[in-house]
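Accompanying notes for the structure given below.
Where a number appears in this text, it was derived from the coordinates with a stated rule and is not lab data. What you are looking at is a predicted structure, and each value in this text was computed from that prediction instead of being measured. As a convention, Cβ positions derive from the backbone with ideal geometry for all residues, glycine included, and neighbour counts pool all protein chains shown.
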Amino acid sequence: DGSVKERAVRPLHLRQADGLWYLLCYDLNASKLITYMQQRMSNVQQTGERFERTHTLEEIKDEFRHSLGIHGGGPLAEIHLRFHGYAADFVPQKTWHESEKFSERQPDGSIELTMRLKLNEEVVRFILQWGSLCVVVSPPALRAMVRKEVTAMWGEYGSDPAPVAAAAPVTA
């Protein structure tokens, strides 16, 4: 929301995702593990207090095990996505998650991707980046999450579009 909040944390792990750095820490005010984006931090100061690590490296890894990046929350589910068009060519060329499994290419050119992930906004953003070239086959809860976001987008873009000004010609 743009407001500045002072935090007292016990740093546990730094993680890079999508070109950004995140700090997984125990937030003393919230009394739980929280991930904060390093770029949003300012006026960081050491308190001089020592603490014993309360989470093992394995527990920290578990926080992200079923994540596409930095979000660990949400119910765990096996997701099935179907990709069409150029997405069916591009998506299998990159490793997205350690649990990923791709189907054989279908006669219509599509390909399916299965992953075991926690359902959250990160998974929805992954799906939406492919637009209509990605369809959620299952689970129904993920289809509902994507439908909710697409409905909100339709409210922004579909019902009363603002006039679009014509682009000025470019001369070289």
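Three semi-axes describe the equivalent ellipsoid of segment 1-100; taken as square roots of 5 times the Cα gyration tensor eigenvalues and ordered largest first, they are 32, 16, 12 Å. Over the residues of the chain, the helix contribution to mean residue ellipticity at 222 nm works out to -7000 deg cm²/dmol, using -39500 (n - 2.57) for each DSSP H run of at least 4.
Other residues lying with their Cβ under 12 Å from the Cβ of V44 contribute a combined charge of +1, Lys and Arg counting +1, Asp and Glu -1. The alpha carbons of segment 1-40 occupy a box of 28, 25, 10 Å along the principal axes, longest dimension given first. Within the P(r) computed for the chain, what percentage of the Cα pairs occupies the region above 23 Å? Of all Cα-Cα pairs in the chain, 56 percent lie more than 23 Å apart. One decimal place: the segment K32-K61 gains 8.9 nm when fully extended, by the rule 0.36 nm per residue minus the C-alpha distance. Using a cut-off of 19 Å between Cα atoms, the listed pairs K61/K94; K5/K61; K32/K61 include K61/K94; K5/K61 as exceeding that distance. By the rule of a C-alpha distance below 23 Å, with chain neighbours fewer than 8 residues away ignored, the lysines paired with K148 are K118.
Extension gain, Y86 to Q46, is 9.5 nm, computed as 0.36 nm per intervening residue step minus the present C-alpha separation. Overall, the chain carries a charge dipole of about 220 debye about its Cα centre when +1 sits on the Cβ of Lys and Arg and -1 on the Cβ of Asp and Glu, all other atoms neutral. Judged by the mean number of other Cβ atoms found within 10 Å, the most tightly packed of the peptides 31-39, 78-86 leads the ranking 78-86, 31-39.
If R0 is taken as 25 Å, the Cβ-Cβ distance between R147 and S99 corresponds to a FRET efficiency of 0.55. Remark: segment 74-91, residue by residue, has Karplus-estimated 3J(HN,Hα) of x, x, 6, 8, 8, 10, 10, 10, 10, 10, 10, x, 5, 5, 5, 7, 7, 4 Hz, where x stands for each Gly or Pro and the curve is 6.51 cos²θ - 1.76 cosθ + 1.60 at θ = phi - 60°.
With Cβ to Cβ distances under 12 Å as the rule, what net charge do the other residues near A88 carry (K, R +1; D, E -1)? Net local charge, A88 excluded: -2.
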